[in-house]
Amino acid sequence: MKVTGDKTINKKVLLIFAGLFGLILGGEQMLPLLEELGMLAFEWVHKSLDFLYEDIIGLEDEAAKKASAWSGFLLLIGLIVWGCIKLYHQFQRMKAAMPQWWAETKAGLGGWWTALPWLQRVVFVILLIALVGVVAVII
C-alpha cells in the first residue's frame with residue numbers, strides 16, 4: 001500500500017505480525033522448537049565469546065567464562081532494546097498510514113457490498129456467522 005511521503009505500511013512488518021499470530025495459534029507445537037533454537041543460538045554466542053576471550057585475548061579459563069557471560073548478557077540486552085526501538089518505529093509508521101488505508105478499504109468494501117444482489121448478501125452474512133461459530137468452537 002502506498003501513502004504519500006515516508007508513511008508506508010512495511011510488508012515485512014505485516015509478515016512478522018502474521019507469523020507471530022501463527023505462532024500464537026500453533027504455540028503448543030512451535031514453542032519447543034523456538035526454545036531449542038534460542039538455546040542453540042545462546043550457546044553458540046557463549047562458546048564463540050569464550051573462544052575469543054580465552055584463546056585470542058589470552059584470559060584465564062575462569063575470567064574468560066565470566067567475561068563471555070557478561071558480554072553475552074549485554075549483547076542480549078542490546079539486541080532486545082534495538083528490536084523494541086525498531087518495532088516502535090514501524091508501529092508509528094503503520095499508525096500514521098492506518099487512517100488512509102482504512103478509508104480506502106472501507107470505500108472498496110462499500111462498493112463491493114452494494115454491488116451484490118440481496119440474496120448473495122444474505123448468504124454471505126450466514127456464511128460469515130458460520131465461520132465465526134467454527135472459529136469460536138476451535139478456540
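Can you compute 3J(HN,Hα) from phi for each residue in the stretch 114-131, using the Karplus curve 6.51 cos²θ - 1.76 cosθ + 1.60 with θ = phi - 60°, rounded to whole Hz and x for Gly and Pro?
3J(HN,Hα) across the stretch 114-131, in whole Hz: 6, 7, 7, x, 4, 5, 5, 5, 4, 4, 4, 5, 4, 5, 5, 5, 5, 4.
From the phi angles alone, apply the Karplus equation (6.51, -1.76, 1.60; θ = phi - 60°) to the stretch 26-34 and give each ³J(HN,Hα) in whole Hz, x where the residue is Gly or Pro.
Values per residue, Gly and Pro as x: x, x, 4, 8, 8, 4, x, 5, 5 Hz.
Could you size up the charge dipole of the stretch 30-99 around its Cα centre, putting +1 on the beta carbon of Lys and Arg and -1 on that of Asp and Glu, and report it in debye to the nearest 20? Each step should come with its number before you reach the end.
On the way: 6 positive and 9 negative charges, 156 e Å.
Taking the Cα centre of the stretch 30-99 as origin, the dipole is about 740 debye.
Which FRET efficiency, nearest 0.05, do residue 75 and residue 96 yield, Cβ-Cβ r, R0 30 Å? All intermediate terms of the calculation are to be shown ahead of the outcome.
Working: r = 32 Å, r/R0 = 1.07.
That gives a FRET efficiency of 0.40.
Rounded to the nearest 0.05, what FRET efficiency is calculated for residue 25 and residue 60 with R0 set to 41 Å and r the Cβ-Cβ distance?
Working: r = 49 Å, r/R0 = 1.20.
FRET efficiency, residue 25 to residue 60: 0.25.
In square nanometres, what is one fourth of the surface area of the convex hull spanned by the alpha carbons of the stretch 33-103? It would help to have the intermediate numbers written out before the result.
On the way: hull surface 26.7 nm².
Directional mean of the projected Cα hull area for the stretch 33-103 stands at 6.7 nm².
Over the stretch 11-114, how many pairs of lysines fall under 22 Å by alpha carbon, counting only those 8 or more apart in sequence or from different chains?
Here the count comes out as 9.
Toward the positive end of the charge dipole of the stretch 22-125, about the Cα centre and with charges on Cβ (Lys, Arg +1; Asp, Glu -1), which of 32, 108, 48 goes farthest?
So the residue we want is 108.
State the label only: which of (1) 0.95; (2) 2.00; (3) 1.21 corresponds to Rg/Rh (Cα atoms, Kirkwood Rh) computed from the shown model?
(3)
Could you work out which residue, out of 45, 122, 13, moves most in a Gaussian network model of the chain, that is, has the largest mean-square fluctuation with Cα springs under 10 Å?
122
Enumerate the calculated ³J(HN,Hα) couplings along the stretch 65-79 in order (Karplus 6.51 cos²θ - 1.76 cosθ + 1.60, θ = phi - 60°), each rounded to whole Hz, writing x wherever the residue is Gly or Pro.
Values per residue, Gly and Pro as x: 5, 5, 5, 5, 5, 5, 5, x, 5, 5, 5, 5, 4, x, 5 Hz.
For the pair residue 105/residue 84, report the inter-label distance in nm, with labels modelled 7 Å from Cα in the Cβ direction.
2.8
Could you give the dipole magnitude of the chain about its Cα centre, charging the beta-carbon of Lys and Arg +1 and that of Asp and Glu -1, in debye to the nearest 20? Provide the component values of the computation, followed by the final result.
Details: 12 positive and 12 negative charges, 272 e Å.
With Lys and Arg at +1 and Asp and Glu at -1, about 1300 debye.
Just to be sure I understand the model, the point goes 7 Å from the Cα along the line to the Cβ. What's the resulting residue 48 to residue 114 distance in nm?
For the pair residue 48/residue 114, the computed spacing is 5.8 nm.
Where a number appears in this text, it was derived from the coordinates with a stated rule and is not lab data. The structure presented is a predicted model; accordingly, all values stated were derived computationally and were not measured. Because the Cβ atoms are built from the backbone with ideal geometry, glycine has one as well, and the counts that use them run over all protein chains shown.
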